[in-house]
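Asks: Sending over a structure as structure tokens; questions will come in a sec.
The values are calculated or read from the model by the stated rules, or taken from the named source; none is laboratory data. Just so you know, these numbers come straight off a predicted model, no measurement behind them. Note that we place each Cβ from the backbone using ideal geometry, even for glycine, and neighbour counts take in every protein chain shown.
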Amino acid sequence: MTTRDIDEFAEPLPATRRALLRRVALGQAEGRAPSLMGAVVRDGRLVWTGARGCVDGRAPDAETQYRIGSLTKTFVAVLVLRLRDEGLLDLGDPLARHLDVPQAEGATVAQLLSHTGGLAAEARGPWWERTPGALRPGTADIFGERPLVHPAGRRYHYSNPGFALLGALVERLRGAPWGEVLAREVLEPLGMGRTSLEPRAPHAGGWAVHPWADVLLPEPAEDTGWMGPAGQLWSTSGDLARFAAFLLDGDERVLGAGTLAEMRASAAPEDGDRDAGYGLGTQLVRHGGRFLYGHTGSMPGFLAALWVSAEDRLAGIALANTTSGPAIGAIAADLIQVVAEHEPRIPEPWRPLPEVDPELLALTGPWYWGPRPYHLRLRADRGLELSPAAGGGRASRFRAEPDGTWTGLDGYYAGETLRVVDGEGGAPAHLDLGTFVFTREPYAPDGVVPGGVDPEGWRAL
């Protein structure tokens, strides 16, 4: 058995399991939840579940359904990104290009996905989460007197109606209800047979807990109709573990890893909060020094959270059947932190590249942007990595393209083109990175530096 086998696929160690169970127990007791379910995914596999409280007289398990609320939004975003990847829409398209919804005039698909479309936070009354969807028989009926509360694209403003429109967009372009499309295109390929629009036994009942006494009140579980894409789904910790594995590495039957990386790139900060933001259908947070992506959710009687740490290859899931009480997002994040701190990830063994192109190898080493030194390293698949020789600065990884250039993958140069410019005799003379010139010597007299180099060269003061 290799180190990789032990690290990735074994269940957590006894001390780790105890710490995980304690976190779930604290959340259930302090939050006064009738039941609380926790789960941990490591390297795409469900490795731990734990529960406190009961559902119908027994402890819930990985097959017990809970309503997951706004976690539904991430599923809808996956459907929209599939349409984009197939060429059926562009994220920059105004919604009006595909749907006749005057209330969202000017908002683009990307803005709806990132809650920057300016739409109101909630649907027209009465309280949509506790009333039948039949009260809003069409998309126009989900809007109140002020459907737009901010100019489109100006700021982040969470909008449930915005995702209702994205669900309607899926229905228009697929010619089938969004729930059917979701089952066919996402749930079935990922093996999520216990995720559904309506509850299926065994499932938890939703409760409200009295704020000043330990007594309960049942909450309604309505079919929210057109508002369903904002929070309709029911799921289990077992199914959400499969979804977390998908969010980590992708699945070409659903979405590739590149599109998922796009979904978790920040599109808007949450009201100026540096530690929280929103991508395309995914919430982004920092917790315990870690960058996490996923989503939280709430519906009357239920709370849910799913977070993924790509760096640790861990995911934490928490589900409860109470309207309020447990800090569900913090619990799910703490499950990741417990495993990461008790069982820190063992690095992959270093291995040499299977082959090397001598021309690429000749590009590696020091380059200079003006007087500042950088290092250029060769990565797998002909990729490159540019980073400052010392201190912070603009570091990026680059993907090789068929035309002999490279495209930035992250940091300041994400999306920018890096190309090698040859000099006399065909030898590399300098690098051009989005018009920035990197030379082999700092401000060499014969270097092609914009603005030229003083012919007297370097001198003492």
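Asks: Looking at region 70-91, I want the residues that are in the same structural domain as Gly258 (by TED's automatic domain parsing) and have a partner that is basic (Lys, Arg) with Cβ atoms under 9 Å, at least 6 apart or on another chain. Which pairs are those?
Replies: Leu79/Arg174; Leu83/Arg174; Leu88/Arg82; Leu88/Arg174; Leu89/Arg97; Asp90/Arg84; Asp90/Arg97; Leu91/Arg84
Asks: Outside the structural domain of Thr236 (by TED's automatic domain parsing) and buried (at least 23 other Cβ atoms within 10 Å of the Cβ): which single residue out of Leu353, Leu306, Leu319, Leu386 fits that description?
Replies: Leu386
Asks: Is it true that some residue in region 373-396 is closer than 21 Å to Gly447 by Cβ, in a strand (DSSP E or B) and aromatic (Phe, Trp, Tyr)?
Replies: Yes, region 373-396 contains a residue that is closer than 21 Å to Gly447 by Cβ, in a strand (DSSP E or B) and aromatic (Phe, Trp, Tyr).
Asks: Would you be able to tell me the number of residues in region 311-333 that are over 15 Å from Leu284 (Cα atoms) and of a type in the set (Asp, Glu)?
Replies: Result for region 311-333: 1.
Asks: Collect the residues in region 169-188 that are within 24 Å of Gly279 (Cα to Cα) and within 22 Å of the chain's Cα centre (by Cα), keeping them in residue-number order.
Replies: Once the filter is applied, which keeps residues that are within 24 Å of Gly279 (Cα to Cα) and within 22 Å of the chain's Cα centre (by Cα), region 169-188 yields Leu169, Val170, Trp178, Gly179, Val181, Leu182, Ala183, Glu185, Val186, Leu187.
Residue-by-condition table, conditions (1) aliphatic (A, V, I, L, M); (2) more than 27 Å from Pro269 (Cβ to Cβ); (3) buried (at least 21 other Cβ atoms within 10 Å of the Cβ):
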site	(1), (2), (3)
Ala134	yes, yes, no
Arg146	no, no, no
Val149	yes, no, no
Gly153	no, no, no
Asn160	no, no, yes
Ala164	yes, no, yes
Arg172	no, yes, no
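Here's the yes/no breakdown for (1) in the same structural domain as Asp85 (by TED's automatic domain parsing); (2) in a loop (DSSP other than H, G, I, E, B); (3) under 19 Å from Leu91 (Cβ atoms):
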site: Gly153; (1), (2), (3): yes, yes, yes
site: Leu169; (1), (2), (3): yes, no, yes
site: Ala176; (1), (2), (3): yes, yes, no
site: Glu180; (1), (2), (3): yes, no, no
site: Ala208; (1), (2), (3): yes, no, no
site: Asp214; (1), (2), (3): yes, yes, no
site: Ala221; (1), (2), (3): yes, yes, no
site: Pro229; (1), (2), (3): yes, no, yes
site: Phe246; (1), (2), (3): yes, no, no
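Asks: Could you please let me know if Glu311 is loosely packed, with under 13 Cβ neighbours inside 10 Å, in the same structural domain as Ser35 (by TED's automatic domain parsing), within 25 Å of the chain's Cα centre (by Cα) and not in a strand (DSSP E or B)?
Replies: yes
Asks: Any chance region 51-62 includes a residue that's outside any helix (DSSP H, G or I) and either touching a Pro at 6+ places or on another chain (Cβ under 6 Å) or under 23 Å from Val254 (Cα atoms) (or both)?
Replies: Yes, region 51-62 contains at least one residue that is outside any helix (DSSP H, G or I) and either touching a Pro at 6+ places or on another chain (Cβ under 6 Å) or under 23 Å from Val254 (Cα atoms) (or both).
Asks: Sticking with this structure for a sec: So Gly408 clears everything in (1) assigned by TED's automatic domain parsing to the domain that holds Arg372; (2) of a type in the set (Gly, Ala, Ser); (3) on the phi > 0 side of the Ramachandran plot except one condition, right? Which one?
Replies: Going through the list (1) assigned by TED's automatic domain parsing to the domain that holds Arg372; (2) of a type in the set (Gly, Ala, Ser); (3) on the phi > 0 side of the Ramachandran plot, Gly408 breaks only (3).
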